[in-house]
Amino acid sequence: MNGPLAYLIGLIAGRGHILEAERRIIIEFAHVQESLNRIPYCKCGDMATKKKGGSDLICKGCRSVVPNTAIKTVNQRESIEYSLSKGGVIEQISELSDSDDKISVRTSGNKTMTFFILDFESDSSTFKSILNDFNGDSCYDSFEIPPRILDSKTSRTIKIEFLNGFLDTAGKMNRGNWLQRPGKSRYGRQRGYIQIVRNWNIPVQLCNFLKSLGLPVQTIRWGHPHIVDGNQIDTYDKGPQSGFRDTQLKFFPEYYDEITLRIRHQALMFKEMASHNRGQFSTREACSAPNNIPVSKIRAPSPEINSTKIPELIRGVNIDAYWQICHMMGCKQTSTCFAGSTNKNLLFLTGKESVNLNNAQKERDVKRQDALDKIIDREKKNAAKKAAKPVTRAPRQKPEEKLYEPIANWLSKDEKLAADEVTYDTSVQTMDQYLKVNKLTGIFPGLADFNQKPDVVGLRKNDGFVVFIEVKAGSLSLTDLGQLLGYCMMADPDRAILISPSGPSGELALMLSSVPGLLEFGAGKRIQVGEWDDKKGFMDGGF
Amino acid sequence: MVVFEMAIKKKEFEDSVTRWLENHTQKKYGKTHDVKILHRSYLAKDEVLKKSKYNHSNLLFAPHFTVVLTRKKDGEVTLILVAVYTKTIALKEIGELKLYCRMANPVEALMLSTDGLSSPVETMLLSKGRDKTALEYGNGKFIEIWRFDAVNDKLDGTNRIMPL
């Protein structure tokens, strides 16, 4: 295996989808916020932060007010687009593509996600080897680290390239993840993390892998309800699913010097965080599990403890510490400790062996019941408060209505339509009625029985050209596309556009990238899906 | 109160559809397939599909019902998608199920409703052969639209509403 292939396998393991029939790989690069803040510094050299709810930046060292101009930002989307089209990522992929095994590459996406789409032409041996690496699985939520990466004969350079790819997609270099620690000359210890979604096997595999390379891991924040929402506030306030989140494997970047990130802003933030920490701290703060679990940390059982979202190995188990999940999922470090333990049950329950198992179990059962009783009492009080509050409803509004006029103006220019050839009156009356009222039925006979209400319509009279635009205020969903597809199936317009200021949701964008046939209608026509920008107009997502 | 009654009606309707689906799919496929019925399950995350090696990762949606048919002799997985409504069916709902079908290519796709199609949609489907063109989703398969009798747990009548 060569470096570029190991890098690609890392990208896939982090956020890839493998579509075997299409011989296609799609890699997700998330950019939920358009810009990320870099670490702001005071003139004295220490980090500055804002207090919760405050507007001023305050230096953690000299406590003086630091101007907001100290906050420098990076544009994530632009950085990703650059890295995928001209920068380090495409350079790596280009090395894999040759005349015998050609890979064509393109990008699509929306405001919060960019998809890097690789199509393997002919009967690709590279693609076959990748399929084999991931054991026929198709999505990052079930991938494991391929055996040939883990193999002891595989060189360190190749292993690091795999990590480079994994970190470029799943790594988060977010300055907000710093820890309260006094350093030698500045405050705060910056942490990066690897974000893992819906995959319960790979966090521990990855942790074992990093440790085998001498790269320390600080902790794993599992997306388990007992870890994410131990006191069950969100579970009751926002719903039972809020106890499930991504899993985060946290590390201090100063120990990861060998890592070379190819997404431009990731590399910048990574370097900045490592430099912030370097030489400041005398301890590695590496995970030292299994650790003592004090009685004060005992959690009430979550109502979701038996959810099928939790893997069978852990389902139904009362979890009080992150390392208990790690151990059950195959942590080598805890396994070594447990192998030498004389009372494994006690060690799992308490993290130590110096107490009596029965007493510890009883004490913890009582504490667990107490914690549960407290939650039940709290929720009874909350329910009584809610019942006492009168419910007031705001009048219903269609927030997309204010977009109709600018979109109609854009369409008029784009298709060179006269003022009376573009309308959004059809959003309040059906198309057939509109045509009758305006005596246009004869020019557009195909719409004579079309009794629906597209938001914005273009009707060019000289050649009977018809455009439908469906406008939404929020992210575009499959349901929104279904609505426009319904119109297209019935009326067969010449052009159809689905548009919103946010563009397609991440899920819709991924589906459109995976199944290009989704947008087809009529004879060889395609619905266009994209973003509305007040200055630029319609920006086609390129699906 | 109205919202509460609607929720009860929907729950009873979906329970009735579940009973019919279990019966229908066991009769039709039970000898040759293992049958599993999923209710409002997000297919990309579904554990049954994840374990089956069915290419599920781009199925980022949750149909009202999904029947997972696993052929006993070779483990091949196919799906039946079912959308259910306690009101008349609108055009966007047909469009949405058609998109599901384009992605999952089910062996059957059904729309079941207590009240059938909304009249504007029925009018359009009845003309220009749209009942066939709009409801076809691949290799001559059609989304079938039926009225459903929730009192007796069965399809209402012997003929579907669409396609004709």
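Identify, from the list A:133, A:101, A:141, A:123, the residue that is of a type in the set (D, E, K, R), closer than 19 Å to residue A:10 by Cα, out of contact with any Phe, Trp or Tyr (no Cβ under 7 Å at 6 or more places or on another chain) and away from every other protein chain (no Cβ under 14 Å).
On the way: A:101 fails: closer than 19 Å to residue A:10 by Cα; A:141 fails: away from every other protein chain (no Cβ under 14 Å); A:123 fails: closer than 19 Å to residue A:10 by Cα.
Matching residue, one of A:133, A:101, A:141, A:123: A:133.
Taken together, the residues in the stretch A:237-268 that are more than 16 Å from residue A:175 (Cβ to Cβ), of a type outside the set (Asp, Glu) and not in a loop (DSSP other than H, G, I, E, B) amount to 8. What are the residues in the stretch B:101-129 that are touching a residue at least 40 places away in the same chain (Cβ under 8 Å) and facing chain A (nearest Cβ under 8 Å), if any? Passing the criteria: only B:103.
Among the residues making up the stretch A:156-173, a single one is of a type in the set (A, V, I, L, M, F, W, C), farther than 17 Å from residue A:250 by Cα and crowded, with 24+ Cβ neighbours inside 10 Å: A:162.
Suppose we keep only residues that are facing another protein chain (nearest Cβ under 7 Å) and farther than 22 Å from residue A:511 by Cα within the stretch A:451-482. Which one would you say is surrounded by the fewest Cβ atoms within 10 Å (Cβ to Cβ)? Taking the candidates together, the pick is A:451. A single member of A:185, A:212 is out of contact with any Ser or Thr (no Cβ under 6 Å at 6 or more places or on another chain), surrounded by fewer than 19 Cβ atoms within 10 Å (Cβ to Cβ) and under 30 Å from residue A:70 (Cα atoms), and it is A:185.
Does residue A:16 count as within 14 Å of chain B (Cβ to nearest Cβ) and of a type in the set (Gly, Ala, Ser)? Here the answer is yes, as residue A:16 does meet what is asked. Just so you know, in the stretch A:413-449 the residues that are of a type in the set (Ser, Thr, Tyr) and under 22 Å from residue B:130 (Cβ atoms) include one that is nearest to the other protein chains (Cβ to nearest Cβ), and it is A:430. Checked against the criteria, residue A:485 does not count as within 24 Å of the chain's Cα centre (by Cα) and within 14 Å of another protein chain (Cβ to nearest Cβ). Of all the residues in the stretch B:31-88, those that are modelled with pLDDT under 90, in contact with a Cys (Cβ under 8 Å, 6 or more places away or on another chain) and among the aliphatic types (A, V, I, L, M) number 1.
Can you confirm whether the stretch B:89-104 contains a residue that is modelled with pLDDT of 90 or more, among the β-branched types (Val, Ile, Thr) and touching a helix residue (DSSP H, G or I) at 6+ places or on another chain (Cβ under 8 Å)? Within the stretch B:89-104, one or more residues are modelled with pLDDT of 90 or more, among the β-branched types (Val, Ile, Thr) and touching a helix residue (DSSP H, G or I) at 6+ places or on another chain (Cβ under 8 Å). Just to be sure, is residue B:92 farther than 20 Å from residue B:20 by Cα, of a type in the set (D, E, K, R), within 12 Å of chain A (Cβ to nearest Cβ) and without any contact (Cβ under 8 Å) to a residue 12 or more places away in the chain? Yes, satisfied. Return a yes/no flag: does the stretch A:279-291 have any residue that is more than 24 Å from residue A:45 (Cβ to Cβ) and surrounded by 21 or more Cβ atoms within 10 Å (Cβ to Cβ). Yes, because at least one residue in the stretch A:279-291 is more than 24 Å from residue A:45 (Cβ to Cβ) and surrounded by 21 or more Cβ atoms within 10 Å (Cβ to Cβ). In this entry, residue A:422 is excluded by the filter for residues that are under 33 Å from the mean Cα position of the chain (by Cα) and β-branched (Val, Ile, Thr). Residues that are buried (at least 19 other Cβ atoms within 10 Å of the Cβ) and among the aliphatic types (A, V, I, L, M) were ranked within the stretch A:329-348; the one that is farthest from residue A:201 (Cα to Cα) is A:346. The residue of the stretch A:110-120 that is surrounded by the fewest Cβ atoms within 10 Å (Cβ to Cβ), among those that are in a loop (DSSP other than H, G, I, E, B) and either at pLDDT 85 or above or more than 14 Å from chain B (Cβ to nearest Cβ) (or both), is A:112. Yes or no: residue A:293 touching a Leu at 6+ places or on another chain (Cβ under 9 Å), part of a loop (DSSP other than H, G, I, E, B) and more than 14 Å from chain B (Cβ to nearest Cβ)? It is true that residue A:293 is touching a Leu at 6+ places or on another chain (Cβ under 9 Å), part of a loop (DSSP other than H, G, I, E, B) and more than 14 Å from chain B (Cβ to nearest Cβ).
One residue stands out among those in the stretch A:39-88 that are without any contact (Cβ under 8 Å) to a residue 60 or more places away in the chain, basic (Lys, Arg) and touching a Lys or Arg at 6+ places or on another chain (Cβ under 9 Å): the one that is surrounded by the most Cβ atoms within 10 Å (Cβ to Cβ), which is A:77. On inspection, residue B:43 fails the criterion of being at the interface with chain A (Cβ under 9 Å from one of its Cβ atoms), of a type in the set (A, V, I, L, M), crowded, with 16+ Cβ neighbours inside 10 Å and under 18 Å from residue A:137 (Cβ atoms). Among the conditions (1) assigned to a helix (DSSP H, G or I); (2) buried (at least 16 other Cβ atoms within 10 Å of the Cβ), residue A:271 misses just one, which is (2).
Summed over the stretch A:19-38, residues that are within 11 Å of chain B (Cβ to nearest Cβ) and surrounded by fewer than 17 Cβ atoms within 10 Å (Cβ to Cβ) total 3.
The values are calculated or read from the model by the stated rules, or taken from the named source; none is laboratory data. In this text, all values refer to a predicted model and were calculated from it rather than measured experimentally. When we count neighbours, we look across all protein chains shown, and the Cβ atoms used for this are built from the backbone with ideal geometry, even at glycine.
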